[in-house]
1. What shape does segment B:1-125 have by the C-alpha gyration tensor, where a ≥ b ≥ c are the square roots of the eigenvalues, rounded means a/c under 1.5, and otherwise prolate means a/b greater than b/c and oblate the rest?
2. So for the pair residue A:134, residue A:177, with labels modelled 7 Å out along Cα→Cβ, what separation do we get in nm?
3. Output the peptides B:163-173, A:34-44 sorted from most to least packed, where packing is the average of other Cβ atoms within 10 Å over each peptide's residues.
4. Run the simple label-point estimate for residue A:2 and residue A:227 please: 7 Å along Cα→C-beta, distance reported in nm.
5. Cα centroid distance between segment A:57-132 and segment A:219-279, in Å?
6. Have a look at B:254, B:106, B:77 and tell me which one the Gaussian network model of chain B (Cα, springs below 10 Å) gives the largest fluctuation.
7. Each label point is 7 Å from the Cα along the Cα-to-Cβ direction; what then is the distance between the points at residue B:188 and residue B:348, in nm?
8. What is the projected area of the convex hull of the Cα atoms of the protein assembly as shown, averaged over all directions, in nm²?
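Read-outs throughout are calculated quantities, based only on the coordinates presented, and are distinct from any laboratory measurement. Computed from a prediction, not measured in an experiment: that's the story for all the values here. So basically every Cβ, Gly included, is an ideal-geometry build from the backbone, and we count neighbours across all protein chains shown.
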């Protein structure tokens, strides 16, 4: 069904199409430049030039590897929530909090009414798409996750916060579609955080996407999916991008009990490990997957964004995805 | 004015290990340098010591009676203890309850077994660090409270790859044995207050019998210490979900205090004001998950409602959970709110908000 939708959108993909979840590691020169920018040593224009250079690197690298649906790699973003919060009225930048291990991020604080300030990612999408003939995904963070990953000092409750965010993110989706984007990924890694709030996440996604003409993907990871499955299939998206490698394929058991009814972007490499997986192991994951999910519905990608890996590790892990997919196509 | 001499200020666990200034980022920088092979494990210990001292200093200056070491050295609340036991391998990341924080999941390849003290050094370091603070903090009634994640939550968060521990109760029992030994060693090192965290039971209340059984060895370890003439209080803390459904069962467990998270259901205040509690309570009235600062007068009114119904008026006012989920400035401000709320309860002028100075 979703392949029909993709083809109607003018996107033709092979079996087991390969893609990425979103972020790639920033080359050293960009990491250094971002630090210099934060200390006022270089200006925005100089930083943007380097972000474009890094974006170009990743687009050409994905093409070279043979990835089918590309991402811009998020060279211009730090954190997936903070990027939006820093640009949307209603947010104040909070101090650093820890995510895991030695990873920290600036957790935003909602201190006023949230508004869409105009396109936030569209220019970057247009730039990335101008570099390739392959489709580039529009990459957004979903309303429920932005709500859950922000402190709230303004709205009366979590639902009201999520709906205000959904209205703003929808405008960004509209801007991407108007620019020509046909595949939009709206990440909701917080989806399973509070199972009782799944209806809020679904309502927020509906408010974000309803009536808009694009192929929608949502990415979720590192959660207790057993608590929201199969209810999560009510999310109004075409494709669930799920972390399957790190969870040791636990979810396939759930899919056996209750059929998975959407396309899936199937994570076959662990993004938190330095170890480069054997392509045959990734291929075995996909073989297990096709026992449970129709072949034409399976996409192949890493578990999550690769930004925590080195550039070399990220490339090697992408290559594993491509080789595993190629082997599956026969 | 309420009788407040038994209303203690008590931190609930973790504290931010980073701040916005360069000096408060020493641990992050050093950890990254170790990963790159440019710093040693000794450098890392030194950075952890530095941030632990700062966490202790912030709490003591805020007038907290029972401080923690901020759990600065803990990778997460699950793998820190579990990962130091024989028979346990640490695996992939999983979300920690409904936070956007992740823990590494222990996999049991054999029955987890403790080879020796795990947290004793951390406790001793914290107690020593407290004595080096400038007076009056070092001479006050401030004490170090050691936090341990409880056996049920550890078991529930672990994978089993060993036939002997496939059963949740078996896993919890194995962890309980290790934790009971740890309690004995901590008490021998001088610990007088140990907090056992069991957030998982609020999420999986059907496992109550397993929790109750798993806590028995810990209570027995406390009883042995007390019997030998030493002083040791054992508190059980739950958070990250509504405590009301399990309230009656929780407060009937033979702990010295039961710590509750009120932020998921404020009606619990009213319920306690009517039903009371048979034992001292930890009052998690300061939201450890949101930056919005509470009004001390409101917190004081909530405490006043409950205090008369708690035996001896003994209660421990604290954040609803550890403060690591907040930026450092807000964590400090939340600590300041503890003292301000107690002052409001006593009818004293409340100092301006903004934390302990």
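1. Oblate, because a/c is 1.5 or more while a/b does not exceed b/c.
2. Here the modelled spin labels are 2.6 nm apart.
3. On the way: B:163-173: 17.8, A:34-44: 12.2.
Listed from highest to lowest mean packing, they are B:163-173, A:34-44.
4. Between residue A:2 and residue A:227, the label points sit 2.5 nm apart.
5. So the two Cα centres are separated by 23 Å.
6. B:254
7. Calculated label separation equals 4.0 nm.
8. So the mean shadow area of the Cα hull is 29.4 nm².
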